[in-house]
Amino acid sequence: RYGLSPVIPEVPFRAVMERIRQVIADIAPHDSVERYRGLGVDVRQGTARIIDPWTVEIAGDAGTERLTTRSIVIAAGASPFVPPLPGLEKTGYLTSDTLWDAFAALDRAPARMTILGGGPVGCELAQAFQRLGSQVTLVELAGRLLGREDPEVSEAVLAALQEDGVDVRTGNRATEAGTTDGQAWVAVEGPQGAQRIAHDALVVAVGRTARLTGYGLDDLGIPTGRVVETNDYLETLYPNIYAAGDVAGPYQLTHAGA
């Protein structure tokens, strides 16, 4: 249309990964201890436990101390959820936390990538790595992608991924992971029956788990389910103890937490 001939772009994968690492490094100082101390915040590093609604005990390198306070904010975050899939630990997998370091030394994207999970993280990674040179298979248990969005959104994202070449398998349950003759695979069951999908990289993106243990919620009787339960004002069972971000949900995404 514009007199330009189509070309296949060359992707310097290692350079792309290095740029991502550099962006992360550039952002890191904004979340650093030094920055917050510079703003006047008294930062204590250690393992904290809420003793009662007004007392927090902190165990650090210098010993244990107790602080009394009028209010407490629980912002313990979340970590990627790894399903109890038989064989998964033995064959190995990556998450959105670990894949950047794992791919940093690669000269090109993994030839075949399987992603478990068709939520925001799974869809973003599927499109990105498909465009960077991988053949991506995206496996989602539900009947459509992005289950929390309107059906029209799911359809639009599905169409975009398929146009890019992603092999989208909705309505498929991963049942097992394994290795045969040095080739890693994940077994799925869906409308087409049982199949094994071979891969060079397996990414687990089936959701995040709020960090709910180890700092006293059970002892205080603060209700938790998938996340810390709060009211519309982010108050827990105790109105002076709040919870915010991934630990409170319901949307465990950076912009929602902010």
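The values are calculated or read from the model by the stated rules, or taken from the named source; none is laboratory data. Model, not experiment: these values are computed from the prediction. Please note: Cβ atoms are built from the backbone with ideal geometry, for glycine as well, and neighbour counts cover all protein chains shown. What goes into the accessible areas is simple: the full protein's heavy atoms, side chains included, and nothing from ligands, DNA or RNA. Shrake-Rupley method; radii C 1.70, N 1.55, O 1.52, S 1.80 Å.
Overview of results
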| quantity | calculated |
| --- | --- |
| Matching entry among Arg19, Arg49 (being open to solvent by 70 Å² or more (accessible area, probe 1.4 Å) and over 24 Å from the mean Cα position of the chain (by Cα)) | Arg49 |
| Residue match in region 244-257 (condition: free of Cβ contacts under 8 Å to residues at least 24 places away in the same chain, in a helix (DSSP H, G or I), under 30 Å from Gln127 (Cβ atoms) and hydrophobic (A, V, I, L, M, F, W, C)) | yes |
| Region 46-70 - residue that is part of a loop (DSSP other than H, G, I, E, B) and among the hydrophobic types (A, V, I, L, M, F, W, C) and, of those, nearest to Leu234 (Cα to Cα) | Trp54 |
| Selection within region 204-227 - in a strand (DSSP E or B), in contact (Cβ under 8 Å) with a residue 40 or more places away in the chain and out of contact with any Gly (no Cβ under 8 Å at 6 or more places or on another chain) | Arg208, Thr209 |
| Qualifying positions in region 52-62 - open to solvent by 80 Å² or more (accessible area, probe 1.4 Å) and either without any contact (Cβ under 8 Å) to a residue 60 or more places away in the chain or under 29 Å from the mean Cα position of the chain (by Cα) (or both) | Asp61, Ala62 |
| Region 144-188: number of residues that are closer than 20 Å to Arg112 by Cβ, over 22 Å from the mean Cα position of the chain (by Cα) and of a type in the set (Asp, Glu) | 3 |
| Residues located in region 34-46, provided they are under 24 Å from Leu217 (Cα atoms) and open to solvent by less than 90 Å² (accessible area, probe 1.4 Å) | Val43, Gly46 |
| Complete set of residues in region 8-44 that are part of a loop (DSSP other than H, G, I, E, B) and in contact (Cβ under 8 Å) with a residue 24 or more places away in the chain | Val11 |
| Members of region 71-125 that are open to solvent by 40 Å² or more (accessible area, probe 1.4 Å), assigned to a loop (DSSP other than H, G, I, E, B) and either touching a Leu at 6+ places or on another chain (Cβ under 6 Å) or in contact (Cβ under 8 Å) with a residue 60 or more places away in the chain (or both) | Ser71, Ala75, Phe81, Val82, Pro86, Tyr93, Ala105, Leu106, Asp107, Arg108, Ala111 |
| Some residue of region 190-208 being more than 25 Å from the chain's Cα centre (by Cα), modelled with pLDDT of 95 or more and of a type in the set (Asp, Glu) | no |
| When residues of region 229-258 are limited to those that are touching a Gly at 6+ places or on another chain (Cβ under 8 Å) and open to solvent by less than 50 Å² (accessible area, probe 1.4 Å), the one modelled with the lowest pLDDT | Gly257 |
